[in-house]
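The values are calculated or read from the model by the stated rules, or taken from the named source; none is laboratory data. Computed from a predicted model, the values in this text were never measured in an experiment. Because the Cβ atoms are built from the backbone with ideal geometry, glycine has one as well, and the counts that use them run over all protein chains shown.
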Amino acid sequence: MTTRTLRGLYAVTPEALGGAALFRAAEAVCSGGAVLLQYRNKSRDAALRRAEADALRAITTVCGTLFIINDDVELARAVGADGVHVGRDDGDPAAARARLGGRAIVGVSCYDDPALARAAQRAGADYVAFGAMFASATKPSAPPADIGRFAEVAGLGVARCAIGGITLERAPTLIAAGADLLAVVSDLFDARDISAQARAYARLF
């Protein structure tokens with residue numbers, strides 16, 4: 001498990017963003033103070049995903065930002081990512097830990113279920129994610145999560161991540177409720193000045 005404190009802005013790349021535009025945006029969020037950057041791309045084009053992940057790995061290394069791959073343990077291993085994020089249908093967190101090694105970061109989607117968070121902690125997760133906290137354009141069908149979940153799992157000893165419909169205006173409420181990480185897509189990558197938006201989020205912590 002990671003020895004670094006997981007607290008701050010967690011930038012998650014939009015699937016519609018690719019190539020040079022993706023890399024420019026990634027540089028902006030990393031220079032703005034994102035603690036983690038997650039590459040999220042469900043494309044079946046494995047070569048494209050590998051090329052983009054390699055480029056993002058290089059960017060995050062320069063910036064000192066932790067690099068996470070969504071769902072794909074083998075891609076995370078291949079590009080030397082810092083870790084992986086897995087959902088309900090993406091495999092066992094313990095298997096991801098075994099494949100990536102003890103120092104890897106393993107994050108787990110727990111939706112609105114503290115029992116999933118407890119199971120993830122037992123499996124060796126570094127952070128558990130609840131959401132959607134608010135209506136989300138990225139996952140419009142995601143059921144809402146109760147903001148009280150962060151307090152419910154406070155004693156697990158893992159970082160608590162909020163995701164779904166997060167904006168700068170809503171962020172302080174989530175942090176006050178116990179969220180250690182704010183996973184942000186649209187409100188970050190759609191900003192006119194991405195780096196400035198990232199800095200604004202970073203200042204909240």
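Touching a residue at least 24 places away in the same chain (Cβ under 8 Å), closer than 25 Å to Ala16 by Cα and surrounded by 15 or more Cβ atoms within 10 Å (Cβ to Cβ): which single residue out of Leu188, Leu156 fits that description?
Just one listed residue meets the conditions, Leu188.
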Among the residues of the stretch 18-41, the number that are under 21 Å from Ile105 (Cα atoms) and not in a helix (DSSP H, G or I) is 9
Would you confirm whether any residue within the stretch 42-59 is under 23 Å from Ala162 (Cβ atoms) and either out of contact with any strand residue (DSSP E or B) (no Cβ under 8 Å at 6 or more places or on another chain) or surrounded by fewer than 19 Cβ atoms within 10 Å (Cβ to Cβ) (or both)?
-> yes
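Residues to consider are Gly87, Gly102, Gly107, Gly91; find the one that is closer than 21 Å to Ile163 by Cβ and in contact (Cβ under 8 Å) with a residue 40 or more places away in the chain. Break it down stepwise before answering.
Numbers: Gly87 fails: in contact (Cβ under 8 Å) with a residue 40 or more places away in the chain; Gly102 fails: closer than 21 Å to Ile163 by Cβ; Gly91 fails: in contact (Cβ under 8 Å) with a residue 40 or more places away in the chain.
After ruling out the rest, the residue left standing is Gly107.
Residues are listed down the side, and each one gets a yes or a no for (1) more than 14 Å from the chain's Cα centre (by Cα); (2) more than 23 Å from Ala34 (Cα to Cα); (3) crowded, with 23+ Cβ neighbours inside 10 Å; (4) not small (Gly, Ala, Ser):
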{"position": "Ile147", "(1), (2), (3), (4)": "yes, no, no, yes"}
{"position": "Ala151", "(1), (2), (3), (4)": "yes, yes, no, no"}
{"position": "Cys161", "(1), (2), (3), (4)": "no, no, yes, yes"}
{"position": "Ile166", "(1), (2), (3), (4)": "no, no, yes, yes"}
Name the single residue, out of those in the stretch 1-17 being among the aliphatic types (A, V, I, L, M) and either part of a loop (DSSP other than H, G, I, E, B) or more than 16 Å from Cys161 (Cα to Cα) (or both), that is modelled with the lowest pLDDT.
-> Met1
